[in-house]
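Asker: I have a structure here, written as structure tokens, and I will follow up with some questions on it.
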Amino acid sequence: MRFRLPKLLLGGYGLLVVGLPLAGLAYALLGSVGLAGPLAAGFTGRYWLALGHDPGLLYAALYSAGVALVAVGLSTGLALALVLGAQAALRRGPLLGLLYVPLLMPALVLAFYLFQLLSRSGWLSRLSYQAGLTSRLEAFPELVQDAAGVGIVLAHVLLTFPFLALLFQAIYQESRLDDYYQLTRTLGASAGQFRRRVALPLLLRRAAPTLLLSTVATLGAYDIPLLLGRPYPQMLSVYLTTRLQRFDLRELPAAYLAGFVVAGGLLVLLVPALRYTRRHAL
Amino acid sequence: MRSKLLVGTLAVLFGLPFLLLALLAVGEGWRFPAALPPAFSLAAVRSLLGSGNDLLAGLGRSLLLAGTVAVVATAGGFGLARAIARSAWARHWEVASYLPYALPPVLLAVLIQPFIIRLHLSGSVGGVLLGLLLVALPFATLLLRSFWTQQATEYEQLARTLGCTPGQALRQVLLPLAWPLLRTALFQTFLLAWFDFGLTNVLSVGKVRTLTVQVFAYVGEANAPLAAVASLLLLLPPALLLRLNRAALLRNTP
């Protein structure tokens with residue numbers, strides 16, 4: 001019995017974490033060719049053929065990728081600037097503690113807060129009206145539910161930048177970069193050269209798997225774009241759930257197809273990328 | 001001077017959400033273009049205790065769900081991490097554990113939804129629990145995998161050599177040694193379930209009204225005071241956890 005228990009445990013675990021998602025992926029594939037789902041009526045390739053004529057999924061994918069890259073890029077830049085530029089302040093005083101505060105925020109709460117702050121009837125708009133900077137509601141710039149996704153990017157930066165700053169700071173200390181700083185200074189390098197040639201590559205390489213997962217998390221974000229995005233263009237998760245929750249069941253195969261393409265695409269992209277970043281992380 | 005400016009800027013940036021949410025929760029008849037509420041009222045906060053309001057029930061439901069996910073995922077993850085450490089295919093199991101992270105939670109929920117429906121778990125707490133465990137269990141397993149080193153095994157063997165039963169070795173040697181990691185796993189998996197909205201909303205089709213689902217419903221009804229009260233309630237447990245153990249909040253990826 002004692003010998004069987006770990007095997008049983010691992011078998012159940014494998015069914016849950018590998019079996020269930022892969023079965024879901026297979027069901028989505030079968031659904032997209034008319035072989036599964038409530039209205040399955042036999043094999044058909046028309047949903048796959050129609051994919052080329054429907055730009056919705058491609059736009060959603062490109063829009064999500066753009067938002068994710070900008071948000072994670074900005075967050076990484078801000079976090080690096082803070083860790084490399086304010087190292088002394090991070091080591092003493094309340095700065096490090098402050099960075100933990102946004103980690104308390106569920107994404108949905110942050111989105112609600114930003115909506116109340118940045119919308120045209122929001123707090124900033126009211127303050128600018130009271131200060132005489134704007135004369136009516138429409139004069140305030142569209143910062144949420146905008147086409148460019150400014151609100152979505154801002155929300156993700158607010159959530160991701162403090163987390164990355166804490167991560168970079170932990171790596172900075174674990175890697176004893178202060179000692180390297182003294183060494184490079186002794187060898188004649190400037191502070192800027194130390195940051196560019198020693199600290200930056202080391203921090204980025206060690207944080208690469210987390211940066212990659214953060215990009216995927218932003219790419220697949222749901223709560224924030226649901227509140228701060230607009231019906232078109234939509235981010236991927238919102239696009240998929242909107243299609244799946246339509247009342248017309250005849251739309252389901254196309255929604256299954258979208259789910260399969262997104263999930264398959266992410267797996268094909270992410271698995272080698274994660275393997276590469278983990279192998280090359282110092 | 002520069003560091004004080006930086007601290008001040010970040011304090012305003014991160015403190016403003018609490019201020020605005022508090023103002024929304026107690027403000028009455030606060031419409032554009034007023035910069036501050038014309039009147040203050042505790043009606044929304046008081047409605048927490050009212051019989052017609054299910055915010056308190058939502059709080060209880062969220063606490064129960066997140067607590068169950070945390071305990072089951074941590075306990076399961078501890079056992080699974082041990083089994084993986086001793087398995088001949090340890091590396092393969094580790095890679096497999098990353099699969100749920102390769103997909104956004106909502107997409108994962110969309111993919112498994114047909115099976116949740118077939119299991120008659122759609123719209124039930126059980127279905128949401130299964131969905132959350134699908135993400136939380138591999139997270140805890142990967143996090144706790146680092147405990148099961150050669151050294152841990154040697155401690156266990158030493159305890160057994162000195163006369164401990166397997167149960168005693170677990171309770172008196174392994175669990176105290178693993179406690180810092182177990183605590184981190186408990187905190188992290190609790191927060192993972194506590195913060196979740198998308199997966200819960202998709203799998204429960206809006207029927208399991210956790211606090212996050214309620215925030216979204218109140219936002220949809222344009223009921224800003226109740227949405228703000230629910231949001232502030234959502235911030236309470238993480239704030240408490242932050243006070244208890246700051247480091248436990250950081251390890252977001254195993």
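Asker: Using a Debye calculation, one point per C-alpha and no hydration shell, please list log10 I(q)/I(0) for segment B:57-250 at q = 0.09 Å⁻¹ in order.
Answerer: Debye curve over Cα of segment B:57-250, log10 I(q)/I(0) at q = 0.09 Å⁻¹: -0.40.
Asker: Projected onto the charge dipole of segment A:30-280 (+1 at Lys/Arg Cβ, -1 at Asp/Glu Cβ, origin at the Cα centre), which of A:P233, A:L58, A:G97 gives the Cα projection farthest towards the positive end?
Answerer: Ranked along the dipole, the leading option is A:G97.
Asker: So, one more: For chain B, the longest stretch holding no trypsin sites (Lys or Arg not before Pro) located in a DSSP loop with at most 12 other Cβ atoms within 10 Å is which? Don't jump to the answer; show the numbers that get you there.
Answerer: Values: sites that count: B:R31, B:R86.
Between the exposed loop sites, the longest stretch runs B:87-254.
Asker: Right, here's the next one. Using alpha-carbon pairs under 8 Å, 6+ residues apart, how would you state the relative contact order of segment B:1-114 in percent?
Answerer: On the way: 37 pairs, mean separation 11.2, N = 114.
Rounded, it is 10 percent for segment B:1-114.
Asker: Under 14 Å from the Cβ of A:V17, count the other residues' Cβ atoms, weight Lys and Arg +1, Asp and Glu -1, and hand me the total. Walk me through the numbers on the way to the answer.
Answerer: On the way: positive: B:R145; negative: B:E94.
Neighbourhood net charge equals 0.
Asker: Roughly how crowded by other chains is peptide A:123-132, in terms of the mean Cβ count from those chains within 10 Å of each of its Cβ atoms?
Answerer: Working: counts 9, 0, 3, 7, 3, 2, 4, 4, 1, 0.
Mean shielding count: 3.
Asker: With a cut-off of at most 11 other beta carbons within 10 Å, and DSSP calling the residue loop, which chymotrypsin sites (Phe, Trp or Tyr not before Pro) in segment A:21-115 qualify? Please list them. Numbers along the way, then the final one.
Answerer: Values: sites: A:Y27, A:F43, A:Y47, A:W48, A:Y59, A:Y63, A:Y100, A:F112, A:Y113, A:F115; in loops: A:F43, A:Y100.
In loop regions of segment A:21-115 (DSSP not H, G, I, E or B), the sparsely surrounded chymotrypsin sites (Phe, Trp or Tyr not before Pro) are A:F43.
Asker: Here is a follow-up. Grab the alpha carbons of segment B:1-80, take their convex hull, and tell me the volume per residue in Å³.
Answerer: Working: hull volume 13.8 nm³, N = 80.
Here the figure is 173 Å³ per residue.
Asker: Quick one: angle between helix A:177-186 and the longest Cα principal axis of chain A, in degrees between 0 and 90, rounded to 10, please.
Answerer: With rounding to tens, the tilt is 50 degrees.
Asker: Using a Gaussian network model of chain B with C-alpha springs under 10 Å, which one of B:P114, B:P166, B:P33 is most mobile by mean-square fluctuation?
Answerer: Judging by the Gaussian network model, the answer is B:P33.
Asker: Turning to a different aspect of this structure: Along the three principal axes, how long is segment A:1-107 when you take its alpha carbons, biggest first, rounded to the nearest angstrom?
Answerer: Answer, in whole Å and largest first: 66, 57, 21 Å.
Asker: Continuing with this model, one more query. Using Cα centres only, tell me the gap between segment A:137-157 and segment B:117-194 in whole Å.
Answerer: Using only Cα atoms, the two centres lie 42 Å from each other.
Asker: Here's something else I'd like to know. By how many nm would the segment from A:L15 to A:V271 lengthen if fully extended, with 0.36 nm per residue of separation less the alpha-carbon distance? Provide the component values of the computation, followed by the final result.
Answerer: Working: separation 256, 0.36 × 256 = 92.16 nm, distance 1.96 nm.
Answer, rounded to one decimal: 90.2 nm.
Asker: How high is the relative contact order of segment B:57-250, given as a whole-number percent (alpha carbon pairs under 8 Å, six or more residues apart)? Could the numbers behind the result be given before it?
Answerer: Numbers: 209 pairs, mean separation 64.4, N = 194.
33 percent.
Asker: To continue, here is another question. Pick out, in residue order, every one of the chymotrypsin sites (Phe, Trp or Tyr not before Pro) in segment B:62-167 that is DSSP loop and has at most 11 other C-beta atoms within 10 Å; say none if there are none.
Answerer: Numbers: sites: B:F78, B:W89, B:W93, B:Y98, B:Y101, B:F115, B:F139, B:F147, B:W148, B:Y155; in loops: B:W89, B:Y98, B:F147, B:W148.
Filter output for segment B:62-167: B:W89.
Asker: What does segment A:164-253 give for Rg and for Dmax, in Å, if only its C-alpha atoms count?
Answerer: Considering segment A:164-253 through its Cα atoms, Rg and Dmax are 21.9, 71 Å.
Asker: Probe radius 1.4 Å, ligands and nucleic acids left out: can you give me the accessible area buried at the A-B interface, summed over both chains, in Å² to the nearest hundred? Before the final figure, lay out each step's value.
Answerer: Details: alone 16950 and 14930 Å², together 25040 Å².
Chain pair A/B: roughly 6800 Å² of buried accessible area.
Asker: Just round it to a whole percent: the fraction of Cα-Cα distances in segment A:128-200 exceeding 17 Å.
Answerer: Values: 1753 of 2628 pairs.
That fraction is 67 percent.
Asker: Another question, if that's okay. Determine, at each q value in 0.09, 0.11, 0.18 (inverse angstroms), the log₁₀ of I(q)/I(0) that the Debye formula gives when each Cα of segment A:30-280 is one equal point scatterer.
Answerer: For the requested q values the scattering log ratios are -0.55, -0.76, -1.30.
Asker: Are there GluC sites (Glu not before Pro) in segment A:112-203 that DSSP marks as loop and that have at most 15 other Cβ atoms within 10 Å, and which are they?
Answerer: Working: sites: A:E138, A:E142, A:E174; in loops: A:E142.
When the GluC sites (Glu not before Pro) of segment A:112-203 are filtered for loop state and at most 15 Cβ neighbours within 10 Å, A:E142 remain.
Asker: A follow-up question, please. Give the relative contact order (percent, whole number) for segment A:1-105; include only Cα pairs under 8 Å separated by 6+ residues. Please report the intermediate quantities before stating the final value.
Answerer: Numbers: 26 pairs, mean separation 9.4, N = 105.
In percent, rounded to a whole number, it is 9.
Asker: I need the peptides B:7-16, B:193-202 ranked by packing, meaning the mean over residues of other C-beta atoms within 10 angstrom, with the highest value on top.
Answerer: On the way: B:7-16: 13.8, B:193-202: 25.6.
Ranking, from highest mean packing down: B:193-202, B:7-16.
Asker: For the protein assembly as shown, which semi-axes, largest first and in whole Å, follow from the square roots of 5 times the eigenvalues of its Cα gyration tensor?
Answerer: Ellipsoid half-lengths, sorted descending, are 36, 33, 26 Å.
The values are calculated or read from the model by the stated rules, or taken from the named source; none is laboratory data. No experiment lies behind these values; they were computed from the predicted model shown. Virtual Cβ from ideal backbone geometry, glycine too; neighbours counted across all protein chains shown. Just so you know, the surface numbers come from the protein's heavy atoms only, side chains and all, with ligands and any DNA or RNA stripped out. Shrake-Rupley method; radii C 1.70, N 1.55, O 1.52, S 1.80 Å.
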